[in-house]
Amino acid sequence: MYVSMKNILQHADKHGYAVMAMNSINMEMARAGIEAAQEERAAIIINIGMGQMKKHAHLEDMAPMVRKMAKRVDVPVALNHDHGQDLAFICDCIRKGFSGIMIDASSYSLEENIRRTALVCDLAHAKGVGVEGELGHVGQAASMDDENLDLYTDVGQAEEFVERTGVDALAVAIGTAHGNYPKGKKPNMDFERLKLLKKALHMPLVLHGGSGSGEENLRKAVECGINKVNVCTDAFAVCKKAMEDVYRDNPGMDYMHLCMKAEERLKEYVKQYMRILGASGRY
């Protein structure tokens, strides 16, 4: 069933688990995630960023396809515009039927972040669309942004931000970053900060940069209050490796069967991820 991202995250917050939000740039990835959710009796959020939609996963193709897939299952599915920054594009996503918007104005000043996020909340909420904001800044692993304490979310500012914007969920910076970490590295998450944020805000919190975080970190993050975990880099890597493995052993395999193998491998990965987050068996 196709629902607002707000509904999914409120349920996760109430029951103390996290939902996997997987960036999906084609039919195979979206279907793998939705079928995994159905088999695990879990909710899932399909994420797509603006760059992904402009380069490959075109908005006019992906939105109706994901909604149609969602209506074929009886577990909650949301479609979320990940790291939205362009207001016109955000409005287009709302018009095309997205059920979640993540507005990322985290690189601006606090006042400008509040202004932009509040505007998106007004527009999205009028259509029943859930909104996630970001305070602090989840940067890039390649730039070691996960170790820059200046980018971490401030608890006092977070309270003001939530009150003045009306966001339904907040992405927090606690020591993760986007992309691949240096080989052998796991992020050092500030769980004490996360606990303080959860205690102060009493709302769904989001972890960006879930890829490469490690199972132990993920479990503890959920325990401390995370209700949505974004996964892009690792999901892409699973599909790529599946194709490489199959092609190495079967160089004559055609493209359709390579896609089928990637989808199959990704579905199993998503199911395991849902179990780590405590999302399985919730519906």
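The values are calculated or read from the model by the stated rules, or taken from the named source; none is laboratory data. This one's a predicted model, so the numbers in the text were calculated from it and none came from an experiment. Cβ: placed from backbone, ideal geometry, glycine included. Neighbour counts: every protein chain shown. For the accessible areas, the whole protein counts, side chains as well, though only heavy atoms, and no ligand, DNA or RNA atoms are used. Shrake-Rupley method; radii C 1.70, N 1.55, O 1.52, S 1.80 Å.
Miscellaneous remarks
- Contact order normalised by residue count of the stretch 1-136, Cα under 8 Å, 6+ apart, percent: 26 percent
- Simple Cβ-charge dipole of the stretch 243-283, Lys/Arg +1 and Asp/Glu -1, about Cα centre, in debye nearest 20: 360 debye
- The overall shape of the stretch 15-59 is oblate: from the C-alpha gyration tensor, with semi-axes ordered a ≥ b ≥ c, the ratio a/c is 1.5 or greater and a/b is no larger than b/c.
- Surface share of carbon and sulfur [accessible, 1.4 angstrom probe, percent] for the chain: 51 percent
- Computed over the chain: relative contact order in percent, which uses C-alpha pairs under 8 Å that are six or more apart: 23 percent
- Per residue value of the accessible surface for the chain (all protein chains in place, 1.4 Å probe), Å²: 44 Å²
- Across I46, I25, I226, mean-square fluctuation computed from a Gaussian network of the chain (C-alpha pairs under 10 Å connected) peaks at I25.
- With a 1.4 Å probe rolled over the protein heavy atoms of all chains, the accessible area of Y247, Y2 falls in the order Y247, Y2, largest first.
- Note on the chain: with a GNM built from Cα contacts shorter than 10 Å, the maximum mean-square fluctuation among P251, P76, P64 falls on P251.
- For R41 and E244, the difference between the fully extended length at 0.36 nm per residue and the C-alpha to C-alpha distance is 70.0 nm.
- The dipole here belongs to the stretch 77-129: it is taken about the Cα centre, uses +1 on the Cβ of Lys and Arg and -1 on the Cβ of Asp and Glu, and is about 220 debye.
- Förster-model FRET efficiency, 30 Å R0, L87 and D154, C-beta, rounded to 0.05: 0.70
- Taking the longest Cα principal axis of the chain as reference, the axis of helix 5-15 is set at about 80 degrees.
- Between Y108 and D254, the contour length at 0.36 nm per residue exceeds the Cα-Cα span by 47.9 nm.
- Sorting 252-263, 211-222 by average packing, meaning the other beta carbons within 10 Å per residue, from highest down gives 211-222, 252-263.
- Dipole magnitude of the chain, debye to nearest 20 (Cβ charges: Lys/Arg +1, Asp/Glu -1, about Cα centre): 740 debye
- Across the stretch 77-129, the volume of the C-alpha convex hull divided among the residues equals 65 Å³ per residue.
- Heavy-atom accessible area with a 1.4 Å probe sorts R164, R31, largest first, into R164, R31.
- A helix-only calculation puts the chain at -15500 deg cm²/dmol for mean residue ellipticity at 222 nm, using -39500 (n - 2.57) for each DSSP H run of at least four residues, averaged over all residues.
- Lys/Arg +1, Asp/Glu -1 at C-beta; the chain dipole; positive extreme among V167, L151, G278: G278
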